[in-house]
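Student: If you scroll down you'll find the structure; I have some questions about it.
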Amino acid sequence: MNAIAFLAKFVFYIISNIIPLDISGKIEDSYLSLFGKKSEIKIKAPGRINILGEHADYNNGFVMPSAIDKAIYFSIGKREDSKLCISAIDLESYFEADNINNLINKPNDWSNHLVGVILEIKQQGFYFDKGINVCFGGDIPNGAGLSSSAAVEAGFGFGLNEIFGLNLGLLQLAKIAQATEHNYVGVKCGIMDMYASLFSRKNHVIRLDCQKLEHDYIPAEFKDHTFILVNSAVKHNLADTEYNVRRNQCQKGVEALSKEFGNINTLRDANFQQLEQIKADIDPITYNRCKYILDEKERVMLASEALKQHDFEKLGEIMNQTHKGLSKMYEVSCVELDFLATEAHKIGGVLGSRMMGGGFGGCTLNLIKKEAEADFREKIKLAYLHKFGINPEIYTANLSEGVHKIA
């Protein structure tokens with residue numbers, strides 16, 4: 001074999017086996033194969049991490065999310081007829097409807113995440129003059145608490161907005177995605193997930209005021225530190241868990257506070273002194289839920305300042321407090337997540353570790369020194385494998401740009 005042939009084979013090996021497959025290219029190839037022509041637009045819609053403020057969004061509190069470099073990718077193009085044709089590449093599933101302007105959602109079906117977006121847009125008075133073809137897929141692990149469903153809804157809404165020239169703003173798109181979850185998926189979520197997917201900036205964290213729907217960008221270039229996600233591989237579907245139960249418990253607390261003090265519409269409006277005054281009037285579980293939310297509101301403010309001051313030790317301490325609150329006060333953790341958080345603290349270079357997402361599974365978010373990353377990955381993987389017989393997936397979470405068009 002001559003040198004040129006050897007080099008060619010070597011380059012092919014590198015591309016095939018070491019360089020990750022271009023997911024957007026894979027989606028576009030599927031689109032071309034399925035529909036016989038190239039798409040008109042390609043969209044990248046990222047998942048998100050939430051550093052602090054878990055379960056605070058639907059209580060109109062403050063949250064600290066950021067998009068990450070794991071995403072859902074779309075290829076979208078108009079049709080000549082009025083059909084809606086959607087191929088979910090990762091699910092190996094296909095959905096088709098004869099008229100995009102006359103859709104009916106299917107109970108408990110993946111297509112509701114996209115059909116619901118169309119239905120919500122139509123409720124605002126829009127009419128689609130053509131049908132569309134859609135292929136989508138990505139590398140956000142399903143059930144890991146990284147908001148793959150919000151990325152689907154935000155990204156699809158963004159794509160429709162672009163291809164049909166609807167002139168909807170990012171906040172409108174976030175509200176459409178949230179309404180899709182409420183009305184067609186069955187999850188009474190807050191707005192944080194879709195907001196983060198749409199508004200994020202690379203190397204920044206959003207501090208979102210979920211009551212005013214306003215945000216600040218906090219610079220977050222991690223030179224010597226990084227966020228590592230450890231996936232427990234415990235899968236969850238929020239519609240089938242106690243996510244909505246927690247929301248109702250918080251509302252029960254709000255009703256008691258409002259009865260006593262008036263003008264309290266969410267826990268955002270309450271303070272610690274008021275909660276203590278009605279403690280005897282509510283059950284201990286409701287009290288714990290409300291106490292956690294008030295604590296977390298305060299922690300987000302402290303964490304924002306810690307990040308601005310590059311005080312990563314303090315940020316880690318606050319993350320640890322949040323995990324304790326989620327596990328003991330809000331009771332949305334599980335034995336696997338508690339184990340991962342506890343074991344993380346036994347490993348050098350770990351500053352903070354907490355469960356992330358709605359709960360009952362998913363990932364832990366770990367703030368560590370970059371120099372300790374290899375050691376952390378090895379030790380946490382071995383500990384979890386020994387305890388549960390599960391080899392956990394581990395990801396570095398790089399702070400990323402929000403939803404955008406790609407070439």
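No value in this document is a laboratory result; all are computed from the given coordinates. On a predicted model such as this, the values are computed, not experimentally measured, just so you know. Please note: Cβ atoms are built from the backbone with ideal geometry, for glycine as well, and neighbour counts cover all protein chains shown.
Student: Which value in nm describes the separation of the simple spin-label points at ASP311 and SER30, placed 7 Å from the Cα toward the beta carbon?
Tutor: Placing both labels 7 Å beyond Cα along the Cβ direction yields 4.7 nm.
Student: Counting GluC sites (Glu not before Pro) as exposed when in a DSSP loop with at most 12 other beta carbons within 10 Å, what is the longest stretch of the chain free of them?
Tutor: Formally, the longest exposed-site-free interval is 222-407.
Student: Further, regarding this structure: When the helix-only estimate is applied to the chain (DSSP H runs of n ≥ 4, each -39,500 (n - 2.57), divided by the residue count), what is the mean residue ellipticity at 222 nm, nearest 500 deg cm²/dmol?
Tutor: Theoretical 222 nm ellipticity from helices: -13000 deg cm²/dmol.
Student: Continuing with this model, one more query. Bin all alpha-carbon pair distances of the chain at 20 Å intervals from 0 and give each bin's fraction as a whole percent.
Tutor: Here the calculated profile for the chain is 26, 54, 19, 1, 0.
Student: In addition: What ³J(HN,Hα) values, in whole Hz, does the Karplus curve 6.51 cos²θ - 1.76 cosθ + 1.60 give for segment 120-132 when θ = phi - 60°, with x put for Gly and Pro?
Tutor: 5, 5, 5, 5, 8, x, 8, 10, 9, 7, 9, x, 9
Student: Send over the semi-axes of segment 272-407's equivalent ellipsoid, whole angstrom and largest first, taken as the square roots of 5 times the C-alpha gyration tensor eigenvalues.
Tutor: Value: 29, 20, 16 Å, ordered largest first.
Student: Take the cross-link list LYS279/LYS381; LYS83/LYS188; LYS188/LYS279 and give me the ones stretching past 32 Å between alpha-carbons.
Tutor: LYS279/LYS381
Student: In what order do SER93, SER24 fall by count of nearby beta-carbon atoms within 10 Å, going from fewest to most?
Tutor: Ascending Cβ contact count within 10 Å gives the list SER93, SER24.
Student: Are any of the pairs LYS314/LYS370; LYS235/LYS369; LYS291/LYS324; LYS252/LYS291; LYS314/LYS346 more than 24 Å apart by Cα-Cα distance, and if so, which?
Tutor: Where the Cα-Cα span goes over 24 Å, the pairs concerned are LYS235/LYS369.
Student: About the Cα centre of segment 222-397, what is the dipole size in debye to 20, counting +1 per Lys and Arg Cβ and -1 per Asp and Glu Cβ, all else neutral?
Tutor: The calculated dipole for segment 222-397 is roughly 140 debye.
Student: With the crude spin-label approximation of a point 7 Å out along Cα→Cβ, what separation in nm comes out for GLU162 versus ASP224?
Tutor: About 3.9 nm separates the two model spin labels.
Student: In debye to the nearest 20, how big a dipole does the chain give about its Cα centre with +1 on each Lys and Arg Cβ and -1 on each Asp and Glu Cβ?
Tutor: The calculation lands at about 300 debye.
Student: Here's a follow-up. Could you work out how much longer the chain between ASP81 and ASP209 gets when fully extended? Use 0.36 nm per residue separation minus the Cα distance between them, nm to one decimal.
Tutor: 41.8 nm
Student: What is the Cα centroid distance between segment 69-124 and segment 328-396, reported in whole angstrom?
Tutor: 35
Student: Additional query: For ASP281 and LYS324, what does the FRET efficiency come to when R0 = 25 Å and r is the distance between their Cβ atoms, rounded to the nearest 0.05?
Tutor: Efficiency for this residue pair is about 0.45.
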